[in-house]
Amino acid sequence: MALQSLDIKQRSATTTPAPQARQTIEVAKLIDVSACIGCKACQVACMEWNDVRDEVGHNVGVYDNPADLTENSWTVMRFSEVEQNNKLEWLIRKDGCMHCADPGCLKACPAPGAIIQYANGIVDFHQENCIGCGYCVSGCPFNVPRISKKDSKAYKCTLCSDRVAVNQAPACVKACPTGAIQFGSKEDMKDYAAKRVTDLKERGFDKAGLYDPAGVGGTHVMYVLHHADQPNLYSGLPVNPSISPLVALWKGATKPLATLALAGVALGSLFHYVMKGPNEVSKEIEAEVEKEDAQ
Amino acid sequence: MTNHWVDIKNADVVFVMGGNPAEAHPCGFKWVIEAKKNRKAKLVVVDPRFNRTASVADYYAPIRPGTDIAFLGGVINYLLANDKLHHDYVKAYTNASFLIDEGFKFEDGIFSGYDEAKRAYGKDTWKYQFDKDGFAKVDETLQDPNCVFQLLKKHYSRYTPETVSKVCGTPKDAFLKVCEYIASTAAPDRTMTNLYALGWTEHTVGSQNIRCMAIIQLLLGNMGMAGGGINALRGHANVQGITDFALYAQTLPGYLSAPTDADPDRATYLGKRTPKALRPGQMNFPQNFPKWFTSLCKTWYGDNATKDNDFAYDYLPKLSGASDVLSIFNSMYEGKMTGFFCQGFNPLASVANKKKVGDALAKLKYMVVIDPLATDTSEFWKPYGEFNAVDPAQIPTEVFRLPANLFAEHAGTFTNSGRVVQWRWKAVDGPGDSKDDTEIIAALFLKLKEMYAKDGGAFPEPIQKLTWAYAQPAKPSPEELLREINGKALADVLDPKDPTKVLVKAGDQLPSFAMLRDDGSTTCGNWIYCGVWSQAGNNSARRDPSDPSGLGQTLNWGFAWPVNRRILYNRASADLAGKPWDPKRPVLRWTGTAWGGNDVPDMRPDAKPEENVMPFIMNPEGVGRLFSRELMAEGPFPEHYEPFETPLDKNPMHPNNPKATSNPAARVYKGDMEAFGKAKDFPYVATTYRLTEHFHYWTKQSTINAIMQPEQFVEIGEELAQEKGIKAGDRVKVRSNRGFIRGVAVVTKRIKALDVDGRKVHTVGIPTHFGFKGATKPGFITNTLTPFVGDANTQTPEYKAFLVNIEKA
Amino acid sequence: MQMNRRQFFKICSAGLGGSSIAVMGFSPTAALAEVRTFKLARATETRNICPYCSVSCGVLIYSTGDKSKNSQGEIIHIEGDPDNPVNRGTLCPKGAGLRDMVQSANRLKWPEVREAGSNEWKRISWNEAIERIAKHMKADRDKNFVAQNKDGVTVNRWPTTGFLASSAASNEAGYLTVKTLRALGITALDTQARI
Amino acid sequence: MIRDPKDLQRYDASERANHWVVGISFILLALSGLAFFHPAFFPLTQLFGGGTWARILHPYLGVFMAFFFLLLFLRFWKLNRMTDADREWLSRVKEMVNGDDHNMPIQGKYNGGQKMMFWWMTVCVVLLTLSGLFIWRAQFNVPVDLARFGAVVHAAVAVLMIALIMVHVYAAIWTRGTLRAMWYGTVTRAWAKQHHRAWYRQMTGK
């Protein structure tokens, strides 16, 4: 599945279809929260592979370091302690780009070629085309993209498009000590998730399930959750994420119509002039004025 | 570990207590998750904190730090009371049936033979009854009141579930649920693996914690089984290797106990260390001790070690007393030490009572630090504000700091927890002018040798006569050293049964320690490593990961000591007739003519089952010890004693015997007893531990790990935080009787207040990774707080349970 | 002796370089969608083991250059060794961050000495360092060597210099250290295994 | 060097300059704005030195224009207060567009359409500035829903304002003799008498 210019499904701010002759398998990353021990190996592997380093920050009283996604931390672990019917659970979720099938960032982005969705499902930022406007941040239903203060470019998890391009698994997937993160075709990942869900149900998590939100057309990063009915328990994982109607509205059909409307006003004016002729000063009034001058 | 990392996937129950593998050994912990995924295994965690191992556990129970023996004693009592034993295994493979001397007593917390002045036991009653041939007497029916089984039952009958809950603070139902999980593995075809680490060892009763688990695993018949065993999750990558090579004075490489003042000559020395079998027909493998020791002497002194100079016995220094790290720093503190070497070690941060360690180092004449990184210890003399408040002018120590290479900068082998020796290749050169450890040691040795040759001095012979046959004396290569460790034949090694047959030609590398001889015809740097570099070449560099049995037995990957055996005592995985207890996970089986199966047999290959050669071949009894005779300092059966800094004023098991409050046999130096804090000044129990993002004090030097855990913090429960008005993120000050530290407060639901003996006990968790050198935010050395007292047998300091007070900073 | 090094990264580099350059060459504007060139193409790959915990995970170290004489190899990436039966290619947050430790700002490069009472380091040569340390050792050993204890038993020990050995050192270094120290008669010897 | 001394002074120099500052700014804003509005217009960013520069300049230009628009507003808002005549004018605007301005009521300096235009443009600039600040991510970080709402408002109002400006420009071209008022400030008396009789009387006293 080498990623070249023939494997593009969608390209930001491009009204004509991108070259997408090739059919490659759709990849997916499955994060099985029930096997995740919150060790942050994925965070380290991501930073080390992509040669980015965040600031050495402060401890603010929790295990979450860094506290949020940044332009240098493309994935972070979010810890939440939940006590339900006197059973304490420590729900730890690897946060990062969900690589949606219908990406809000790509829909919102005004810069052509800044965001590419490949045929294998990876949504990748191409900083050389990014103009740094931040519309992707507004477009994303999961609050993932971050704008760098250093170069005003948008950054997020690339699902290691460079590794996947040479048939390697993403760095976080390979590093994950407990195999909580799996990678493969979306089909295989769904089958694997189904096995995990049955196992979880046997262990008493009857609400266990797969998180592959239809609101964004399904995602190429999916979760197996103990409590699939309450994703919000996992540090604010949206229950039913979808691209905000405001973004859809503003980026959908209205724009071409508005452009036509403007063209209409401009042409309308021209034809009005041609058909109705200019609003001349009438000869009589000019004559009256000259008469007054003569007196 | 008796088993190894990958074998964990074969377990039905994974019992994690006294360890936090999800954080300290994440990649090893993968095999616990595999067990859960593929075998429907249950993970049970008992820990003072609901840590990241507990986050994926099937069942978690809280416990007060320092009460592991009370809990495990309760489990033993539960197993015995509910008859949840693997009877055939217990009767055949343990010393349950052995009869004990009538003189053996246990009253009110103290065993027979206690000498309070010396804080030590006279152990002459802790032995078997012997028959006229010198073999131990047994009662196969296990009914005799003096047999180990009945003594065990009587001893642990006091550990009722109510008592356990009272002492440990663990709710009774939680304790019973854990017992249920454990007891379920009594069935022959179900096994439990136990994973433990410093959570058990870093107590004054550390060794006995592990003894409890040994008893439980023997009662359940889990020793020697796939997915069973007692698995110590060791610390450093090569801590197992360095322990094998005895970089500590009590032993010589290969666990040969070192000569002491009580062994004036070779004959006396060997006599005390070559045991006779205590039961008929047992392998009693330590009878080969003379072969291992002689081969070691020949390796070090070559031709200068001959029969007539007792194989250079006198060249070995004799040990006069304790030589553990606490005793080294104690004698340094008392000004008895001149010099000190610190090779890849950060004692200022990692040894208890940082102030005492700093003061001790200040009394040295010279100190040499050999390290790849600038450690806190190397700058103990440099002021770093309140983190290291010292005055350099008052510190006369001359400190040398020599740059050493890292793992990526030289070749060689590491031995992992599972005893597998793996070769490493060199990737890049070290920075600047750094050198290998071997080069630095060689340089010092050759310079000393030169000096002694020129100017003479005290007893130069061992220095001049030490073998140093390396192609480049100043740069001994790892290949040469590993071959030297493996050992070779100096003369033809003949078959003892048929002297005409030559087993190994002179000059060849030895294939296994079975070829070692005590007549000086063989060399071997470490007998348990014999076979790592045989004539077939460097077996530690083998890279075939195939696992034909599916049990994770990758016998062609690297080399495991001893003789590439991956599961120790694996004879015990089969019944007396040689049929595997669990056909689905067979390790060893009697094939009719020899032992075979999925591992190198831990048994004489041709020992027919009916010969009843028992699996524990390193024990003179041949069987596992429920009763540990005189081998433990504080008693043949583990007994609960409080930590030296206990939140209660007495030992709830023996409330009216002050002698039995804390471990009666633990060594306490002058001045340290007074330095122990009392509960009235320091009401909260503190425990120190590791985080998954850091490795001891090493990864604070790595930017990327500093990003993951940037700053020192203290972990407290919500109730304690409320009582003290502390919110998450506040800075707090934690004081013990030896000093204070400051950190950020992490307030969590995961540490609960425990109800102990009618009193509410709070636990304060303090990670240890921070210091004043490195990429993390500058922090205090956590061991400023910890007590300077160690386990009675190993002297491992009691980091896991002491007393502190805490307030907003 | 390097056994079955993994070769496949070598061939894939040529393919990638060609395609992207061709596209760049043709269209003056940025390529439609070219991914980051695979970082490890043509890197030297070495098998090693993570020095941190005793799981001893196998690692693959990628360094620049092909060990040719004039280029000093520099580590660019470390990831898990998929063949190692214990970690099967995975690494924990410590192992995955090994590169930052090997290239830490606090790496020691030159022998240094802190003179008695002084407040900073002074760089010295290896010869001077070894010379002065050996002098200290010999002076202390000659002065405090105990040939016989008070009961006349030959003990031959040098109790006044202690040595804490690293559990992160390899077996070969550990073996040579213990062999040398025992020859010198040192009995105050311990290692991290105890604490 | 005014051509005809009897021409009427409609705008003085500073009014004209102020108008053109706002005008030019608006055109630049429209061009760069449209570039982000629809991919078809993205090449317009080359006028500003590329996409990134267009994104950097647009908001500063916006603030710049809003400020000068404020000055215009302060100058003319009194003259643009709606009167009955204006409302009647507006009710007959259809006839006007058809070219027949005979029964349009007498108009002051500004007719109903021009006043409506003034107030609409004021509303638009206010909305554009506010919503622009919400989505100026380089300077401000507002809650994401606010940013989303701001983006929609900004785009919609911008389209409206561009349309208004087109009408504004066309009206000036369509009514011959109007442009010169904004170029050099004067109009002919005949122009004034026909289009703004009341303003003509006010200026000439006849």
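The values are calculated or read from the model by the stated rules, or taken from the named source; none is laboratory data. Quantities reported herein were computed from a predicted structural model and do not represent experimental measurements. Cβ coordinates were reconstructed from backbone atoms using ideal geometry, including for glycine residues, and neighbour counts include every protein chain displayed.
A compact table of results
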quantity: Cβ pairs under 8 Å, 6+ apart, first in region B:578-596 and free of Cβ contacts under 8 Å to residues at least 24 places away in the same chain, second surrounded by fewer than 12 Cβ atoms within 10 Å (Cβ to Cβ) and small (Gly, Ala, Ser); calculated: B:590/B:577
quantity: Listing of strands (runs of 3 or more DSSP E) fully contained in region C:27-136 that carry 1 or more residues being under 30 Å from residue B:448 (Cβ atoms); calculated: C:112-114
quantity: Residues being outside any strand (DSSP E or B) and over 23 Å from residue B:433 (Cβ atoms) - total across region B:336-375; calculated: 22
quantity: The one condition in (1) surrounded by 19 or more Cβ atoms within 10 Å (Cβ to Cβ); (2) not in a strand (DSSP E or B) that residue A:30 fails to fulfil; calculated: (2)
quantity: Considering residues of region D:1-54 that are facing chain A (nearest Cβ under 9 Å) and among the β-branched types (Val, Ile, Thr) only, the residue farthest from residue D:138 (Cα to Cα); calculated: D:45
quantity: Residue within region B:22-44 that is within 14 Å of chain C (Cβ to nearest Cβ), among the charged types (D, E, K, R) and farther than 23 Å from residue A:202 by Cα present; calculated: yes
quantity: Some residue of region B:220-231 being assigned to a helix (DSSP H, G or I) and either in contact (Cβ under 8 Å) with a residue 12 or more places away in the chain or within 14 Å of chain C (Cβ to nearest Cβ) (or both); calculated: no
quantity: Per-region count, region B:13-44, residues assigned to a loop (DSSP other than H, G, I, E, B), under 20 Å from residue B:238 (Cα atoms) and in contact with a helix residue (DSSP H, G or I) (Cβ under 6 Å, 6 or more places away or on another chain); calculated: 1
quantity: Residue in region A:55-70 that is over 30 Å from residue A:209 (Cβ atoms), within 13 Å of chain B (Cβ to nearest Cβ), assigned to a loop (DSSP other than H, G, I, E, B) and in contact with a Gly (Cβ under 6 Å, 6 or more places away or on another chain) present; calculated: yes
quantity: Test: residue in region B:407-419 that is aliphatic (A, V, I, L, M), assigned to a loop (DSSP other than H, G, I, E, B) and within 7 Å of another protein chain (Cβ to nearest Cβ); calculated: no
quantity: Residue match in region A:32-53 (condition: under 30 Å from residue B:42 (Cβ atoms), of a type in the set (Asp, Glu), more than 7 Å from chain B (Cβ to nearest Cβ) and touching a helix residue (DSSP H, G or I) at 6+ places or on another chain (Cβ under 6 Å)); calculated: yes
quantity: Which listed residue, of B:89, B:114, B:128, B:121, is in the same structural domain as residue B:199 (by TED's automatic domain parsing) and of a type in the set (Ser, Thr, Tyr); calculated: B:89
quantity: Candidate set: region B:785-809, residues that are more than 19 Å from residue B:747 (Cα to Cα), in contact with a strand residue (DSSP E or B) (Cβ under 8 Å, 6 or more places away or on another chain) and polar (S, T, N, Q); chosen: the one surrounded by the most Cβ atoms within 10 Å (Cβ to Cβ); calculated: B:786
quantity: Candidates B:379, B:450, B:386, filtered to the one that is more than 7 Å from chain C (Cβ to nearest Cβ) and over 30 Å from residue B:360 (Cα atoms); calculated: B:450
quantity: Some residue of region B:263-270 being more than 27 Å from the chain's Cα centre (by Cα) and either at positive phi or among the charged types (D, E, K, R) (or both); calculated: yes
quantity: Selected residue [modelled with pLDDT of 95 or more, in a loop (DSSP other than H, G, I, E, B) and on the phi < 0 side of the Ramachandran plot] from B:423, B:468; calculated: B:468
quantity: Flag for residue B:458 being in a loop (DSSP other than H, G, I, E, B), among the aliphatic types (A, V, I, L, M) and out of contact with any helix residue (DSSP H, G or I) (no Cβ under 7 Å at 6 or more places or on another chain); calculated: no
quantity: The one condition in (1) over 25 Å from residue B:197 (Cα atoms); (2) more than 7 Å from every other protein chain (Cβ to nearest Cβ); (3) buried (at least 24 other Cβ atoms within 10 Å of the Cβ) that residue C:150 fails to fulfil; calculated: (3)
quantity: Number of the exception - residue B:91 against (1) surrounded by fewer than 23 Cβ atoms within 10 Å (Cβ to Cβ); (2) basic (Lys, Arg); (3) not in a helix (DSSP H, G or I); calculated: (3)
quantity: Residues of region B:94-124 satisfying the condition of being outside any loop (DSSP other than H, G, I, E, B) and without any contact (Cβ under 8 Å) to a residue 40 or more places away in the chain; calculated: B:107, B:115
quantity: Region A:220-234, residues that are under 14 Å from residue A:93 (Cβ atoms) and out of contact with any Ser or Thr (no Cβ under 7 Å at 6 or more places or on another chain); calculated: A:221, A:222, A:223, A:225, A:227, A:228, A:230, A:231, A:232
quantity: Elements of type helices (runs of 4 or more DSSP H) contained in region B:146-217, each with 3 or more residues being modelled with pLDDT of 95 or more and over 26 Å from the mean Cα position of the chain (by Cα); calculated: B:148-156, B:161-168, B:172-183
quantity: Residue match in region B:71-80 (condition: in a loop (DSSP other than H, G, I, E, B) and within 23 Å of residue B:660 (Cβ to Cβ)); calculated: no
quantity: Which listed residue, of B:356, B:318, B:363, is over 30 Å from residue B:512 (Cβ atoms) and in contact with a Ser or Thr (Cβ under 7 Å, 6 or more places away or on another chain); calculated: B:318
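Each row is one residue, and each column tells you yes or no for (1) without any contact (Cβ under 8 Å) to a residue 60 or more places away in the chain; (2) under 28 Å from residue B:791 (Cβ atoms); (3) surrounded by fewer than 22 Cβ atoms within 10 Å (Cβ to Cβ); (4) not assigned by TED's automatic domain parsing to the domain that holds residue B:204.
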{"residue": "B:663", "(1), (2), (3), (4)": "no, yes, no, yes"}
{"residue": "B:700", "(1), (2), (3), (4)": "no, yes, no, yes"}
{"residue": "B:704", "(1), (2), (3), (4)": "yes, no, no, yes"}
{"residue": "B:708", "(1), (2), (3), (4)": "yes, no, no, yes"}
{"residue": "B:711", "(1), (2), (3), (4)": "no, no, yes, yes"}
{"residue": "B:716", "(1), (2), (3), (4)": "no, yes, no, yes"}
{"residue": "B:723", "(1), (2), (3), (4)": "yes, no, yes, yes"}
